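Quick notes on the structure that follows.
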Amino acid sequence: MEIIMALAIGVLTGSGVWLLLRPRTFQLVIGLALLSYAVNLFILAMGRLRVGAPPILTKGAAVDPAAYTDPLPQALVLTAIVISFATTALMLVVLLASRGLTNTDHVDGEEDQP
Amino acid sequence: MTGGWMQHLVVLPIVLPLVASAVMLLLHDRRLRLRSSLGLATTALLVLIASVLFYQTLAGGPLQPWVGTYRLGDWAAPFGIVLVVDRLSALMLLLTSVLGFTSLLYALARWDRSGPRFHALFLLLLMGLNGAFLTGDLFNLFVFFEVFLAASYGLVLHGSGQPRVSAGLHYIAINVATSLLFLIGVSLLYGVTGTLNMADLAMRIPNVPPEDVMLLEAGAAILGIAFLVKAGMWPLGLWLPRTYAAAAPPIAAMFAMLSKVGVYIILRLSMLLFGDQAGLAASFANDWLLIGGMATIAFGAVGILSASTLTGLVGHYVLVSSGTLLAAIGTGSHRVLAGALFYLVSSTLAIAAFYLIVELVERGSVEEGEGSTSEPVFEDEYLGALAEEEDNEIGVVIPATLAIIGGGFAFCALLLSGLPPLSGFIAKFAMIDGILAERATMETSSWWFIGLILASGLAALIACVRAGIDLIWTPDETQTPALGVLEAVPIAILLSACLALMIWAGPAMTFMEDTVRDLSDRAVYSDSVLAPIGKSVGEVAP
């Protein structure tokens, strides 16, 4: 479980950073999306990985915290997902505007001189 | 402030602009008068609220620590969401609201019509800024950061045009990537300490076991990178001058505050979490801040000298200002910090005023056109009213335009370069005096810091004189620009705030010293935030 999680975060981050450094706006957006997935997984991992443990306490009975998983990172991830989704959408609008104004999808608005 | 409606004053700087901006969205873009008056009324109310909060922090008298808390939903502190007002946040709130009011007033003259939904975005920006200054919780800090960043993305693009869109694209990409770093940092801190409440973090960090200290410092450093990008520390701030130059002037004036948010958070966290009492991780980043800050000053000073436009000049001055503040935090000396806070207020006001004046100066000498307004990108975009009513909408025109603009320019130049007798000089004098006070234990880096403070002032002076001669005193054929009252008043407010800071420099310095004293004692902050629920909300710390 830990190894799969670590590999997933690593691969997503690696591809995300690589795409982020590419010159096309579309690659930039995909790179940022991949990075945000990696970060979301990372936040989840910071709450310690548990399998089969509920995050919500049962009502009434005496509570043993060890039997539950940490609910806070899950709440944080939800917020982070919403925010990164919104900024990606905004990014797409700017990307289209830039494409319309400069007639190129290069991030600097002009092609490199060969 | 016990009981009554006064206790809810703390949450108003967040709720009020949020509600007002939601109302703005319902109003059509053509209902100019209604939108302008609503926006102006909201920002004026914000100034009032911030002044009351600021006045309350003075109530305890000097030397008396003051921390007010507001629990949302009345949950006890480490579990619920808490807002905290202490002297530093009250000061920043006041500064933000004054800048917000003046920038909005200036924008009403013409800029608010050069693109859609200006007022809603502007108020959201204020809400995010106020929230970031008030929150006592790292994750809410992230949320408020995103709120004002999202608003600033929209505002950078305000007025459209190719330079703005491509500068905006870089700005958004950099800030989205930084927000991810912010999240990584926050979650690492949570992973090590198990809390996100700043007061609780301050209590737990000294007890972090030695094997986890490395992870804690890594988390804090990654978090710090996110704020340093906002503050524009070299080499993370290369995006800043270009973006600020591309933004419309009143927005750029407001953005002067944006880079100070980064500095504010760095100051808050380094004093609260990694101050002298933080055990193994104490002051781990100070050397980095000192050296990074000095590199930023040097870079900014070179940039000021080499800038070919006035907006480029101010943009690099923003870097110098951030660099000075970061290096001052890095020294860790309380007297230097008090001077730095004074400098923060004075330089932010001066930068904002300068951005506004620059536009007036350049309007007279540079051809209108590129950058100010342009073709719409999308079909449904609101076409600004700028083109058709360029001449008749300027409002009441006041005489002696050139003299006023020239005077304002000279005033700003004095402020930026830190020449006596204005507040810029007092601020730099206080910082240098603070450094020299610890002459016995001083290292070589402090001498460098003093040298850089003076050199950056000289660079600003040279660049301003050169630009001033070129743009204002050289007679040319271009007609003098018409100056509307709506544009003169905001500049006058900002500059007279600087004057007031100069006249009451004594009380202001006392306040800054009290602020730093509060900041350096984490128990003051933590005890009042973590106070048990039985005590009334908004309790004043003993």
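The set of residues from region B:196-211 being at the interface with another protein chain (Cβ under 9 Å from one of its Cβ atoms) and either of a type in the set (Gly, Ala, Ser) or touching a Pro at 6+ places or on another chain (Cβ under 8 Å) (or both) is empty. For A:Asp70, the test of being farther than 19 Å from B:Ser166 by Cβ, within 11 Å of chain B (Cβ to nearest Cβ) and of a type in the set (D, E, K, R) is passed. No other residue among B:Gly292, B:Gly303, B:Gly262 is in contact with a Pro (Cβ under 7 Å, 6 or more places away or on another chain) and surrounded by 20 or more Cβ atoms within 10 Å (Cβ to Cβ) apart from B:Gly303. Just one of the numbered conditions (1) small (Gly, Ala, Ser); (2) within 8 Å of another protein chain (Cβ to nearest Cβ); (3) within 14 Å of the chain's Cα centre (by Cα) is not true of A:Ala89: (2). Confirm whether A:Asp112 is surrounded by fewer than 16 Cβ atoms within 10 Å (Cβ to Cβ), touching a His at 6+ places or on another chain (Cβ under 9 Å) and either within 11 Å of chain B (Cβ to nearest Cβ) or part of a helix (DSSP H, G or I) (or both). Criteria not met by A:Asp112.
When the test is whether a residue is more than 14 Å from chain A (Cβ to nearest Cβ), surrounded by fewer than 24 Cβ atoms within 10 Å (Cβ to Cβ) and among the polar types (S, T, N, Q), B:Ser103 does not pass it. Every condition in (1) within 14 Å of chain B (Cβ to nearest Cβ); (2) under 23 Å from B:Phe182 (Cβ atoms); (3) in a helix (DSSP H, G or I) is met by A:Arg48 except one, and the failing one is (3).
In the condition set (1) at the interface with another protein chain (Cβ under 10 Å from one of its Cβ atoms); (2) outside any loop (DSSP other than H, G, I, E, B), A:Trp18 is compliant with all but (1). For region B:137-151, state whether one or more residues are over 21 Å from A:Val77 (Cβ atoms) and among the acidic types (Asp, Glu). No. The numbered conditions (1) farther than 23 Å from B:Leu188 by Cβ; (2) within 11 Å of another protein chain (Cβ to nearest Cβ) are all true for A:Ala61 except (2).
Does at least one position in region B:68-75 carry a residue that is crowded, with 23+ Cβ neighbours inside 10 Å and touching a Phe, Trp or Tyr at 6+ places or on another chain (Cβ under 9 Å)? Among the residues of region B:68-75, not one is crowded, with 23+ Cβ neighbours inside 10 Å and touching a Phe, Trp or Tyr at 6+ places or on another chain (Cβ under 9 Å), which makes the answer no. Output the number of residues of region B:170-188 satisfying the condition of being over 17 Å from A:Ile81 (Cβ atoms) and more than 9 Å from chain A (Cβ to nearest Cβ). Matching residues across region B:170-188 total 4.
Here B:Ala167 clears all of (1) farther than 14 Å from B:Ile265 by Cβ; (2) surrounded by 24 or more Cβ atoms within 10 Å (Cβ to Cβ); (3) touching a residue at least 40 places away in the same chain (Cβ under 8 Å) except the condition numbered (2).
Given the options A:Arg50, A:Arg24, name the one that is within 28 Å of B:Gly154 (Cα to Cα) and not aliphatic (A, V, I, L, M).
A:Arg24
Applying the set (1) more than 13 Å from the chain's Cα centre (by Cα); (2) crowded, with 24+ Cβ neighbours inside 10 Å; (3) over 30 Å from B:Tyr106 (Cα atoms) to B:Ala247 leaves exactly one unmet item: (3). The one condition from (1) under 26 Å from B:Pro490 (Cβ atoms); (2) modelled with pLDDT of 90 or more that B:Arg35 does not meet is (2).
Name the helices (runs of 4 or more DSSP H) wholly inside region B:423-533 in which the number of residues that are hydrophobic (A, V, I, L, M, F, W, C) and over 30 Å from B:Ala107 (Cα atoms) is 1 or more.
Because the criterion is at least 1 residues that are hydrophobic (A, V, I, L, M, F, W, C) and over 30 Å from B:Ala107 (Cα atoms), the helices (runs of 4 or more DSSP H) in region B:423-533 that meet it are B:423-437, B:444-468, B:505-520, B:522-529.
B:Phe79 passes every criterion in (1) outside any helix (DSSP H, G or I); (2) buried (at least 24 other Cβ atoms within 10 Å of the Cβ) apart from (2).
The values are calculated or read from the model by the stated rules, or taken from the named source; none is laboratory data. Being a predicted model, the structure only gives us computed values, none of them experimental. No Cβ is skipped: glycine too gets one built from the backbone with ideal geometry, and neighbour counts run over all protein chains shown.
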